[in-house]
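Worksheet: the structure to be examined is printed underneath.
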Amino acid sequence: MIPLENFLILSGFLFAVGLYGVLARRSAILILMSVELMLAGVAINFAAFAAYLDVDGFSGMIFALFVITVAAAEVGLALGIVLRLFRERRTSYVDAANTLKW
Amino acid sequence: MDLNFRYELLAPEIAVAVTAVLVMFADAFRNELNLKRNLLPQISLLGLAVALVFSLMLGNVSDDFARLVQIDEFTTFFRVLFIAVTLILIIGSHEYIDRHVNHIGEFYGLLLFSTVGAMLMAGARDLITAYLAIEVLSFSLYVAVSLSKNDPRSGEAALKYVLLGGVASAMLLYGLSFIYGVTGSTQYSEISAALSAGNVDFETALILGLVLVIAGLGFKASAVPFHMWTPDAYEGAPIPITAYLSATSKAATFALFLRWFAGPLLPAIDHWQWILALLSVITMVVGNLVALQQHNIKRLLAYSSIGQVGFMLMCITAISEQTGSALLLHLVGYLITNLAIFMAIIAFYNRTGKEEINQFKGLAQTNPYLALVITSGLFSLAGMPLLAGFVTKFILFQSVVSAGYLWLVIVALVASTVSLYYYLQVIKQMYLYQPEDDGNGSNHRWNLTVTGYLSTGILFIGVVWVGVYATPFYEFADKAIAPLFA
């Protein structure tokens, strides 16, 4: 059986890559994709913990399912907002969102 | 396992959610059915009033719904608070919403849905419920922030809010997954049992989880250094949503703070107490200092609310039954005060379309009543005697001192004194300057609408009432906090 640590390393890696992407990317779409990566890491974490530590219960698996569903909803919603910004400024780069400062 | 599916326990949430759907359908078929635009706020108010009655009827119940939602005095307290906030908000701002908001049907629907999310946040007794409730509240607000009509700041504010909010949720969830991994359950009671049994030997994972959870919640409550979205979202959002963000959204996050840090996470207090103490100090200091240089009233109130969050975090740091009830009382006082100011600003904006601080010049002459409401609100936030802010802050500071955190309170007192300066800036504009004449009669006397008088009047009376005779509120808060420490 694959040890639990491997899953945790995978999820930690996904989360870290996502966090890096959020900080380094300037396109709103790519930032959203990076957030998705972070949430994928979270879902793996929940599923792995559920399979290894909480054998009688399903709450971790259910949590993972909800994370995936809510993540999908979040992307749909955020894309709508990006679209609104794109209509106004003809770009999806977050650097263009600079009228509000301090 | 026997689960208890008594749906009547969730009657207030169900009533508000059904109203939200009704409002959106009424808006969609408005032309076909020849409905008036005014019908939408009326349906919303009716639904909220029904929900308020339901929550009061459930006031003495202590039960749980399917081990997911806990119904007790604490939940009732926040249900009543959140429903009352939305009620007042709709009464005071329906004219603004009619004129300055895109898609008013969706707007009312989102307001009601976010109220449902806030109520469930206070009632959750399982991490999954809590997470879903947080997202119901946040998602509704992401969209509502972007609904301002003809205002390019609105879309930008929503984009910043949704991107940073997504990252914060991901951090919160990653933290929760570690807490779940360490304790093996998502139920508050079982997490608490597992942590206090002391057989948790993954200390690093627990600390990592706690840090991430605090970061995620700190974002929702806009604690420094996770506050960067707050001023932008506050400035770009339609003013009712700014009021809502500073009231319900904040109070709901603190309801969750109380539920988590006085419940499941209490056994790990040694690991998180110092983080929250640090967070509270930075938040008080930075929030109040940056507020000094603001020139937009919404931005000023954003930073002032960040400062207030610092005061509230002190209570979570020094968590006990006493500080908990002081926090609830302070939340009531803060919500009433903040809403009073925002309702007055909405009335002012309806008339003038202005929101810069130096455009409040001479308001004491053109509308002395409104100037009085704003002044008493700002003085209350600063903590002047005879107003709500003084009593609630006094009790809050006192409880934190008696819990042994004198140094925190000293910082808070200094920060609180600083805050008086920028509140007085606004008051100075209203009272010491002549109104500017732009040729359109902007220096003439004017009156509010009936609903404007109603909403500001109720809140003004509330500010004075809590300030002069806070005993009933104090007893209510005392009763509400009891189940958490039972």
> Among the residues of the stretch A:72-83, is there at least one that is at the interface with chain B (Cβ under 8 Å from one of its Cβ atoms), among the aliphatic types (A, V, I, L, M) and touching an Asp or Glu at 6+ places or on another chain (Cβ under 7 Å)?
Replying inline: no
>> B:TYR431 - would you say it is of a type in the set (Ser, Thr, Tyr) and surrounded by 18 or more Cβ atoms within 10 Å (Cβ to Cβ)?
In response: no
> Got a sec? Which of B:ILE319, B:ILE341, B:ILE306 is assigned to a helix (DSSP H, G or I), among the β-branched types (Val, Ile, Thr) and more than 14 Å from chain A (Cβ to nearest Cβ)?
Replying inline: B:ILE341
>> Whether any residue in the stretch B:455-473 is buried (at least 20 other Cβ atoms within 10 Å of the Cβ), within 17 Å of B:LEU327 (Cα to Cα) and of a type in the set (Gly, Ala, Ser) is what I want to check.
In response: yes
> Has the stretch A:73-86 got any residue that is more than 27 Å from B:LEU147 (Cα to Cα) and crowded, with 19+ Cβ neighbours inside 10 Å?
Replying inline: no
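Residue by residue, here is whether (1) in contact with a helix residue (DSSP H, G or I) (Cβ under 6 Å, 6 or more places away or on another chain); (2) under 30 Å from B:ILE341 (Cβ atoms); (3) among the β-branched types (Val, Ile, Thr) holds:
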{"position": "B:ALA49", "(1), (2), (3)": "no, yes, no"}
{"position": "B:LEU56", "(1), (2), (3)": "no, yes, no"}
{"position": "B:SER62", "(1), (2), (3)": "no, no, no"}
{"position": "B:GLN70", "(1), (2), (3)": "yes, no, no"}
{"position": "B:THR75", "(1), (2), (3)": "yes, yes, yes"}
{"position": "B:PHE78", "(1), (2), (3)": "yes, yes, no"}
>> For B:MET228, only one of the following conditions fails: (1) buried (at least 22 other Cβ atoms within 10 Å of the Cβ); (2) in contact with a Leu (Cβ under 8 Å, 6 or more places away or on another chain). What is its number?
In response: (1)
> Would it be correct to say that A:THR91 is facing another protein chain (nearest Cβ under 9 Å), hydroxyl-bearing (Ser, Thr, Tyr) and not in a helix (DSSP H, G or I)?
Replying inline: no
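Would you mind stating whether B:ALA371 is within 23 Å of B:GLU436 (Cβ to Cβ) and either assigned to a helix (DSSP H, G or I) or at pLDDT below 95 (or both)? Walk me through how you get there before you give the answer.
Working: within 23 Å of B:GLU436 (Cβ to Cβ): yes; either assigned to a helix (DSSP H, G or I) or at pLDDT below 95 (or both): yes.
Yes, satisfied.
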> If the Cβ limit is 8 Å and pairs must be 6+ apart or interchain, which residue in the stretch B:168-187 that is more than 12 Å from B:LEU265 (Cβ to Cβ) pairs with which residue that is at pLDDT 90 or above and not in a helix (DSSP H, G or I)?
Replying inline: B:ALA168/B:PHE226; B:TYR180/B:THR186; B:THR186/B:ASP126; B:GLN187/B:ARG67; B:GLN187/B:ARG125; B:GLN187/B:ASP126
> Under the condition of being surrounded by 22 or more Cβ atoms within 10 Å (Cβ to Cβ) and either at the interface with chain B (Cβ under 7 Å from one of its Cβ atoms) or under 17 Å from the mean Cα position of the chain (by Cα) (or both), which residue from the stretch A:44-63 is farthest from B:VAL136 (Cα to Cα)?
Replying inline: A:PHE49
> In the stretch B:278-315, which residues are closer than 16 Å to B:PHE219 by Cα and more than 16 Å from the chain's Cα centre (by Cα)?
Replying inline: B:LEU278, B:LEU279, B:SER280, B:VAL281, B:ILE282, B:THR283, B:MET284, B:VAL286, B:GLY287
> Can you tell me which residues in the stretch B:144-154 are in a helix (DSSP H, G or I), crowded, with 24+ Cβ neighbours inside 10 Å and either at the interface with another protein chain (Cβ under 10 Å from one of its Cβ atoms) or out of contact with any Ser or Thr (no Cβ under 9 Å at 6 or more places or on another chain) (or both)?
Replying inline: B:VAL145, B:SER154
>> Of everything in the stretch A:30-42, what is under 22 Å from A:PRO3 (Cα atoms) and either surrounded by fewer than 23 Cβ atoms within 10 Å (Cβ to Cβ) or more than 9 Å from chain B (Cβ to nearest Cβ) (or both)? Give them in sequence order.
In response: A:ALA40
>> If I ask for residues that are out of contact with any strand residue (DSSP E or B) (no Cβ under 6 Å at 6 or more places or on another chain), touching a residue at least 60 places away in the same chain (Cβ under 8 Å) and among the small types (Gly, Ala, Ser), which ones from the stretch A:1-54 would you list?
In response: A:ALA28
>> Testing B:ARG67 on (1) over 30 Å from B:ILE461 (Cβ atoms); (2) touching a Leu at 6+ places or on another chain (Cβ under 7 Å); (3) crowded, with 19+ Cβ neighbours inside 10 Å, one condition comes back false. Which one is that?
In response: (3)
>> Looking at B:ILE134, B:ILE128, B:ILE104, can you tell me which residue is more than 12 Å from chain A (Cβ to nearest Cβ) and either more than 15 Å from the chain's Cα centre (by Cα) or hydrophobic (A, V, I, L, M, F, W, C) (or both)?
In response: B:ILE104
> If B:GLY236 satisfies every condition in (1) closer than 30 Å to B:PHE107 by Cα; (2) modelled with pLDDT of 95 or more but one, which is the exception?
Replying inline: (2)
> What about B:LEU208, is it within 11 Å of another protein chain (Cβ to nearest Cβ), closer than 23 Å to A:ILE68 by Cα, touching a helix residue (DSSP H, G or I) at 6+ places or on another chain (Cβ under 6 Å) and surrounded by fewer than 23 Cβ atoms within 10 Å (Cβ to Cβ)?
Replying inline: yes
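Against the definition (surrounded by 24 or more Cβ atoms within 10 Å (Cβ to Cβ), under 24 Å from B:LEU112 (Cβ atoms) and in contact with a helix residue (DSSP H, G or I) (Cβ under 8 Å, 6 or more places away or on another chain)), how does B:ALA170 come out, yes or no? Working first, answer last.
On the way: surrounded by 24 or more Cβ atoms within 10 Å (Cβ to Cβ): yes; under 24 Å from B:LEU112 (Cβ atoms): no; in contact with a helix residue (DSSP H, G or I) (Cβ under 8 Å, 6 or more places away or on another chain): yes.
No.
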>> Tell me whether the stretch A:55-62 contains one or more residues that are farther than 12 Å from B:LEU173 by Cα, at pLDDT below 95, among the acidic types (Asp, Glu) and in contact with a helix residue (DSSP H, G or I) (Cβ under 6 Å, 6 or more places away or on another chain).
In response: no
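The values are calculated or read from the model by the stated rules, or taken from the named source; none is laboratory data. Quick caveat, the model's predicted, so the values are computed rather than measured. Backbone-built Cβ (ideal geometry, glycine too); neighbour counts: all protein chains shown.
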